[in-house]
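The values are calculated or read from the model by the stated rules, or taken from the named source; none is laboratory data. In this text the structure is predicted, and so the values were computed from the model without any measurement. Note: ideal-geometry Cβ built from the backbone for every residue, glycine included; neighbour counts use all protein chains shown. The accessibility values were calculated without ligands, DNA or RNA, using every heavy atom of the protein model including side chains. Shrake-Rupley method; radii C 1.70, N 1.55, O 1.52, S 1.80 Å.
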Amino acid sequence: MCGIVGGVTDKNITPLLLEGLNRLEYRGYDSSGLIVLSQKNSFDRARSVGKVSNLEKNLKLRNKEINGNIGIAHTRWATHGEPSSRNAHPHISKNTVSVVHNGIIENYIELKNSQIRQGYEFKSETDTEVIAHSIDLEMNSCTSLVESVQKAVKSLQGSYGIGVISSKYPDQIIAARKGSPLLIGIGENGNYIASDQMALLSTTKKFIYLEEGDIAEVKLDKVTIYDLNGKIVNRPAQESKLKAGQANKGNFDHFMQKEIFEQPQAIRDTLESRITNNSVISSSFGHQADEIFRSITQIQIVACGTSYNAGLVAKYWMEDIAKIPCNVEIASEYRYRRPIILDQTLFIALSQSGETADTLEALKIAKKLNNTLKSLCITNSPESSLTRLSDLTFLTHAGPEIGVASTKAFTTQLVSLALLLCAIGKLKGSISKMQESEIVSGLKKLPGLINETLLQEKQIMHLAKRFKNNSSALFLGRGTMHAIAMEGALKLKEISYIHAEAYPAGELKHGPIALIDKNMPVIAIAPNDELLEKLKSNLQEVKSRGSQMIVFEDESSKVQSMDAMEVIQITSNLGRITAPIIFTIPLQLLSYHVALEKGTDVDKPRNLAKSVTVE
Ligand code: M6R
């Protein structure tokens, strides 16, 4: 999930490349680099480890500006080879070809061995360098750069989005994609390539989305696209509705903190125009939604990470309330296990970014396995790959989520899934008008309830101070709260680097209870629901083994506080739909403040990227 940007213009390309890299940093920030063809048709390259700001510093320290009209740039999330300058892209072959790459070349060892035998020297440990050498090799027998790339990619197994420049063809960039996103930006003073339109929005709003196997020859005043079979094709340009505005932190210290506090507004935006008189407008899922929802007999949700946790909550809701069978699966498993997909299944791809490679691939495979399948994507990214692949699209309207740890995307996904629950249940006759009205009025109360819950921040800050020295933690919940416990554990792991696991509280006695002692803090979620008494018994089991506990409870849950147990009251009388959303908030705040105490990079935690576009 690296980020690529490049362009051919009539002015110096370097500022555009740097701006693009900054906007693409959410795709990875292990290292970054750029290369430009100078006036003398020679390569001028700069690479740095870490964030794009390091590359900018590196460029300032040079005594000569990098200047030229053609260039490509890359921000890396390391797959093959540690994050280092020599593994940073762009890579060069024989001072003739330079390549940036997003994806994974699975047969790179085989290609590398053969290229070494042919006299190529490898300067990095990456899988990408073989692409540069393959193109250089093909240039010996081809009459154009595009032909060399067409031939070279035939030997590649795996996934790629690539940008290629050559000192022998100083008027063009070649872009090719298979399995990794890549688009062409059409501008007034030039043409561009990028992994995501965000990189180019301040330069152009006109984009051509390359299709699988496409190769594009991008010149100052002309773009030619060849399909999988080498035939010239016409791919129409589309006007983007996205705005270039750079997201900023406002009065907050971190994007994550800002995004936690934006949740009331984000939920209002998710609900806007989707409900009328306490009833869900089912056509907000798409024109064909009514017909599709009436016809389905089961639901398959596929997602990764936080989105998967949202899917788990929806499974409880769909089966318990809408009475429709619902399965949830992690996309990276689903895509490889040849699932049996019954007719009349609604496949739901849940993804904040709409670009997660495993989720996209799972959808493609499901469509292949059952061509009657109907699909819905719930995403925060209106022009993402997932929206282009799905029959129905529902946008979460959370606004840009910049922090790597997902917060408002999760709660707006839950709200979207609750709206879907009503739409499906209503059309299938399993949810009455009254039930729907109760659910919708509960959803409308969420912004106020979240604001109340956010007032607990001070208390949670104190807890975080004590918590920071722990090396592990257990999160417990029952029913939908197990999924919320999973989300709490994921948040803590990813931004504070504290090992955390979540268990359904009733499962503890089947093994994990052996971990409990005074060094294993337990965080439990205790809403006042039909499982409360069972949860209270589980808490006693934990307490009697000496654990330090934090219990987040509904005011009416009345969990009895004991020694070494902190009980924090959230709010009262939450419903089945609102409770999981509200109990998420203190867990987000807890991991945020523990991370602050530990001094980690909250918005860009180590080894992660916001959008995971490689498998
Ligand atoms: O964009 P997606 O929702 O498809 O992303 C899925 C996961 O990569 C994502 O939720 C990840 O787990 C977050 N960093 C969690 O905070």
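Restricting attention to region 279-298, the residues that are in contact (Cβ under 8 Å) with a residue 60 or more places away in the chain and open to solvent by less than 40 Å² (accessible area, probe 1.4 Å) add up to 10. Yes or no: region 325-338 includes at least one residue that is over 25 Å from the mean Cα position of the chain (by Cα) and in contact (Cβ under 8 Å) with a residue 60 or more places away in the chain. So far as region 325-338 goes, no, none of its residues is over 25 Å from the mean Cα position of the chain (by Cα) and in contact (Cβ under 8 Å) with a residue 60 or more places away in the chain. Selection within region 510-547: residues that are in contact (Cβ under 8 Å) with a residue 12 or more places away in the chain and farther than 21 Å from MET562 by Cα. The member of this set that is least open to solvent (accessible area, probe 1.4 Å) is PRO512.
Condition test on LYS408, is it crowded, with 24+ Cβ neighbours inside 10 Å and either at pLDDT below 95 or in the same structural domain as CYS304 (by TED's automatic domain parsing) (or both)?
Details: crowded, with 24+ Cβ neighbours inside 10 Å: yes; either at pLDDT below 95 or in the same structural domain as CYS304 (by TED's automatic domain parsing) (or both): yes.
Judged against the criteria, LYS408 is a match.
Considering each residue of region 572-588 in turn, none proves to be over 27 Å from ALA322 (Cβ atoms) and in contact with an Asp or Glu (Cβ under 7 Å, 6 or more places away or on another chain). Of the set (1) over 17 Å from ALA505 (Cβ atoms); (2) in contact with a strand residue (DSSP E or B) (Cβ under 8 Å, 6 or more places away or on another chain); (3) of a type in the set (Val, Ile, Thr), all apply to THR571 but (2). From the list LEU271, LEU312, LEU242, the lone residue that is within 16 Å of the ligand (Cβ to nearest atom) and not assigned by TED's automatic domain parsing to the domain that holds TYR592 is LEU312. If only residues of region 368-389 that are of a type outside the set (A, V, I, L, M, F, W, C) and either over 20 Å from THR613 (Cβ atoms) or modelled with pLDDT of 95 or more (or both) are counted, the one that is surrounded by the most Cβ atoms within 10 Å (Cβ to Cβ) is THR379. Look through ASN69, ASN95, ASN102 and report the one residue that is at positive phi and in contact (Cβ under 8 Å) with a residue 60 or more places away in the chain. Sole residue among the options that is at positive phi and in contact (Cβ under 8 Å) with a residue 60 or more places away in the chain: ASN95.
Restricting attention to region 343-357, does a residue exist that is more than 17 Å from LEU312 (Cα to Cα), touching a Cys at 6+ places or on another chain (Cβ under 8 Å) and open to solvent by 20 Å² or more (accessible area, probe 1.4 Å)? The answer is yes; a qualifying residue exists.
When region 27-44 is filtered for residues that are closer than 24 Å to ALA609 by Cα and either among the hydrophobic types (A, V, I, L, M, F, W, C) or surrounded by fewer than 24 Cβ atoms within 10 Å (Cβ to Cβ) (or both), the ones remaining, listed by number, are ASP30, LEU34, ILE35. Applying the criterion of being closer than 16 Å to SER282 by Cα and polar (S, T, N, Q) to the residues of region 389-412, the residue that is farthest from the ligand (Cβ to nearest atom) is THR393.
Residues in region 272-290 that are touching a helix residue (DSSP H, G or I) at 6+ places or on another chain (Cβ under 9 Å) and either under 24 Å from LYS491 (Cβ atoms) or not hydrophobic (A, V, I, L, M, F, W, C) (or both): SER273, ARG274, ASN277, ASN278, SER279, SER282, SER283, SER284, GLY286, ASP290.
For region 350-376, a residue qualifies if it is free of Cβ contacts under 8 Å to residues at least 40 places away in the same chain, near the ligand (Cβ under 10 Å from one of its atoms) and either outside any loop (DSSP other than H, G, I, E, B) or among the hydroxyl-bearing types (Ser, Thr, Tyr) (or both), and exactly one does: LEU360.
Considering PHE347, PHE293, the condition of being in a strand (DSSP E or B), away from the ligand (no atom under 13 Å from the Cβ) and under 15 Å from THR393 (Cα atoms) is satisfied by PHE347 alone.
Using the structure shown, decide if SER307 is within 26 Å of PRO504 (Cα to Cα), within 16 Å of the ligand (Cβ to nearest atom), of a type in the set (Ser, Thr, Tyr) and open to solvent by 30 Å² or more (accessible area, probe 1.4 Å). Even if it seems obvious, please write down each step before you answer.
Details: within 26 Å of PRO504 (Cα to Cα): yes; within 16 Å of the ligand (Cβ to nearest atom): yes; of a type in the set (Ser, Thr, Tyr): yes; open to solvent by 30 Å² or more (accessible area, probe 1.4 Å): no.
No.
Among the residues of region 304-324, those identified as over 18 Å from the mean Cα position of the chain (by Cα) and assigned to a loop (DSSP other than H, G, I, E, B) are ILE321, ALA322, LYS323, ILE324.
Does any residue of region 446-460 turn out to be over 20 Å from LEU574 (Cα atoms), among the aliphatic types (A, V, I, L, M) and either at pLDDT below 90 or open to solvent by less than 40 Å² (accessible area, probe 1.4 Å) (or both)? Within region 446-460 (the criterion being over 20 Å from LEU574 (Cα atoms), among the aliphatic types (A, V, I, L, M) and either at pLDDT below 90 or open to solvent by less than 40 Å² (accessible area, probe 1.4 Å) (or both)), the answer is yes, since at least one residue qualifies.
Is it fair to say GLU329 is over 30 Å from LEU492 (Cα atoms), surrounded by fewer than 19 Cβ atoms within 10 Å (Cβ to Cβ) and more than 13 Å from the ligand (Cβ to nearest atom)? For GLU329, the condition - over 30 Å from LEU492 (Cα atoms), surrounded by fewer than 19 Cβ atoms within 10 Å (Cβ to Cβ) and more than 13 Å from the ligand (Cβ to nearest atom) - is not met. Scanning region 548-577 for residues that are at pLDDT 80 or above, open to solvent by 10 Å² or more (accessible area, probe 1.4 Å), acidic (Asp, Glu) and in a loop (DSSP other than H, G, I, E, B) yields a count of 1.
When you go through PRO580, PRO605, PRO586 one by one, which is the residue that is at pLDDT below 90 and either touching a helix residue (DSSP H, G or I) at 6+ places or on another chain (Cβ under 7 Å) or surrounded by fewer than 18 Cβ atoms within 10 Å (Cβ to Cβ) (or both)? If you could, list the steps in order and put the result at the bottom.
Working: PRO580 fails: at pLDDT below 90; PRO586 fails: at pLDDT below 90.
Exactly one residue qualifies, and that residue is PRO605.
Looking at region 93-107 only, could you name the residues that are open to solvent by 40 Å² or more (accessible area, probe 1.4 Å) and over 25 Å from the mean Cα position of the chain (by Cα)?
Filtering region 93-107 for residues open to solvent by 40 Å² or more (accessible area, probe 1.4 Å) gives 94-95, 106.
Scanning region 93-107 gives LYS94, ASN95.
Within region 426-449, residues that are under 22 Å from ILE292 (Cβ atoms) sit with their Cβ atoms under 6 Å from residues that are open to solvent by less than 40 Å² (accessible area, probe 1.4 Å) and of a type in the set (D, E, K, R), at 6+ positions apart or across chains, in these pairs: LYS426/GLU436.
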